[in-house]
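The values are calculated or read from the model by the stated rules, or taken from the named source; none is laboratory data. Worth saying up front: this structure is predicted, and the values here are computed from it rather than measured. All Cβ positions, even for glycine, are placed from backbone atoms using ideal geometry, and neighbour counts span all protein chains on display.
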Amino acid sequence: MPLREFVDGERRTWQVWDTVPKTASESAMFERSAQIMAQTEAREISDAAQDRAAAAAALRRFTRGREHGWLTFTHDDDKRRLSPIPDGWEGFDDARLAALLQRAEPVSKTPREGSGV
């Protein structure tokens with residue numbers, strides 16, 4: 001898992017790293033989670049709201065399109081994810097990493113169970 005730091009156009013320092021499923025079973029878990037989310041979204045409006053809420057809570061970290069991995073960007077409390085992972089991102093200069101950051105989706109932070117937060 002390469003870890004990089006870069007400075008964006010607003011002179012903020014970001015950290016970025018990749019997360020990739022390591023095993024076939026882990027990859028299958030990501031793919032199955034993505035399928036479940038897609039099925040939930042396809043359900044009719046009458047029962048979709050309740051199903052989506054339950055699926056979102058259970059699968060919060062498994063977003064469709066991320067079954068093969070993603071980049072995570074962090075700066076202070078700002079956290080974003082981008083998938084798919086661009087080939088060779090580890091060698092990109094700050095400007096190219098900042099461009100990827102602009103395409104990344106914000107991640108809402110939720111307190112972990114038992115963390116006391």
Would you confirm, using the coordinates I've provided, whether ARG11 is out of contact with any helix residue (DSSP H, G or I) (no Cβ under 8 Å at 6 or more places or on another chain), modelled with pLDDT of 90 or more and on the phi > 0 side of the Ramachandran plot? yes
Scan segment 83-111 for residues that are at pLDDT 95 or above and in contact with an Asp or Glu (Cβ under 7 Å, 6 or more places away or on another chain) and jot them down. ALA98, LEU101
